[in-house]
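To keep things clear, I will list the structure first and then write my remarks on it.
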Amino acid sequence: MGLAVLVFVIFVFILFMKTAIVVPQQSAFIVERLGRYSKTLDAGFHILVPFIETIRYRHTLKEQAIDIPEQECITRDNVMVGVDGILYMKVMDPERASYGISNYLFAISQLAQTTLRSEVGQIELDKTFEARGHINQQVVAEVDKASDAWGVKVLRYEIKNIKPPHDIIAAMEKQMRAEREKRSVILTSEGERDAAINTAEGQKQQVIKASEARRQQQVNEAEGQAAAIRSVATAQAEAITAVANAVKQDGGYEAIQLRLAEQYITQFGQIAKTSTTLVVPTNLGDVAGTLATAMAAVKKLS
């Protein structure tokens with residue numbers, strides 16, 4: 001009798017352990033009753049009906065990261081590149097995730113790979129690196145559209161690496177070096193051009209300033225010459241006026257005669273000193289006649 005009780009107690013304990021279920025946080029268990037879906041157990045303590053209800057699927061409701069293996073993709077310009085990535089997803093409906101597809105992780109991984117090959121095939125190799133964001137968005141949109149029926153939400157997809165062939169990498173490095181050298185030559189030529197323009201502009205300004213200085217110098221010289229001519233003319237006019245006034249005074253006529261005779265003789269003597277050849281006028285000795293002619297002019301002026 002005691003052994004039977006002990007066996008019964010052990011049986012009840014095992015049965016309790018089988019039917020008493022504790023669901024962890026952020027988890028969901030799918031319960032079937034006699035092979036058909038019965039309910040979804042959320043986090044907490046639950047008791048199942050022995051031999052009738054059983055837990056068929058266990059799902060985590062946390063965000064999951066799936067590693068998408070590297071695969072060979074052919075770009076639009078027929079270059080084969082290796083691309084891998086990471087896909088982030090979350091189970092939103094445990095029931096559909098259990099009965100909508102046999103293995104949603106495998107299905108999502110394969111769908112992400114095929115979508116990635118399709119998107120890379122529409123882009124040339126040079127643009128695959130800068131179009132990573134666009135490719136990620138397209139993969140998320142296509143995979144999320146298909147996984148909605150499976151109760152799974154695709155949150156994002158990130159490309160980890162894009163690996164072109166080694167010969168393509170070498171060609172790209174040569175192209176980048178050529179581009180850098182080209183930019184260096186362009187910058188050098190632009191600097192030389194700017195320097196030449198600045199030099200020419202400076203020479204132009206120098207020529208303009210020099211011409212303006214010469215013009216101002218010529219204006220100043222002309223004004224000085226004009227002022228000198230005016231001063232000489234004024235002095236001559238004053239001298240003539242003084243001579244005319246002196247003629248009107250007593251003895252002025254005789255003083256002019258004496259002055260003219262002296263200048264006549266002095267100037268003739270100077271001519272004889274400075275020249276070895278001298279043409280003597282026929283009336284050289286007629287000083288009185290010369291004076292008479294000059295005095296007649298003085299009388300007329302006065």
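Residues that are touching a residue at least 40 places away in the same chain (Cβ under 8 Å) and over 17 Å from ASP93 (Cβ atoms) within segment 24-75 comprise ILE66, ILE68, PRO69, GLU70, GLN71, CYS73, ILE74, THR75, listed in sequence order.
Residues are listed down the side, and each one gets a yes or a no for (1) in contact with a strand residue (DSSP E or B) (Cβ under 7 Å, 6 or more places away or on another chain); (2) under 19 Å from ASP77 (Cα atoms):
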position: GLU142; (1), (2): no, no
position: ASP148; (1), (2): no, no
position: VAL152; (1), (2): yes, no
position: LEU155; (1), (2): yes, no
position: ILE159; (1), (2): yes, no
position: PRO165; (1), (2): yes, yes
position: GLU173; (1), (2): no, yes
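Candidates are the residues of segment 10-33 that are touching a Leu at 6+ places or on another chain (Cβ under 7 Å) and closer than 23 Å to GLY151 by Cβ; the one that is modelled with the lowest pLDDT is ILE21.
For every residue, the table says whether it meets (1) at pLDDT below 90; (2) touching a helix residue (DSSP H, G or I) at 6+ places or on another chain (Cβ under 6 Å); (3) not assigned by TED's automatic domain parsing to the domain that holds THR40.
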site: PRO94; (1), (2), (3): no, no, yes
site: GLY100; (1), (2), (3): yes, yes, yes
site: GLN122; (1), (2), (3): yes, no, yes
site: LEU155; (1), (2), (3): no, no, yes
site: GLU173; (1), (2), (3): yes, no, yes
site: ALA196; (1), (2), (3): yes, no, yes
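The set of residues from segment 134-160 being under 35 Å from the mean Cα position of the chain (by Cα) and surrounded by 19 or more Cβ atoms within 10 Å (Cβ to Cβ) comprises ILE135, VAL139, VAL140, TYR157, ILE159. Six or more apart or on different chains, Cβ atoms under 8 Å: show the pairs whose first residue is in segment 163-192 and among the charged types (D, E, K, R) and whose second is exposed (fewer than 10 other Cβ atoms within 10 Å of the Cβ). Within 8 Å, no pair qualifies.
The values are calculated or read from the model by the stated rules, or taken from the named source; none is laboratory data. What you see is a predicted model; the values in this text were computed from it and never measured. Note that each Cβ is placed from the backbone with ideal geometry, even for glycine, and that neighbours are counted across all protein chains shown.
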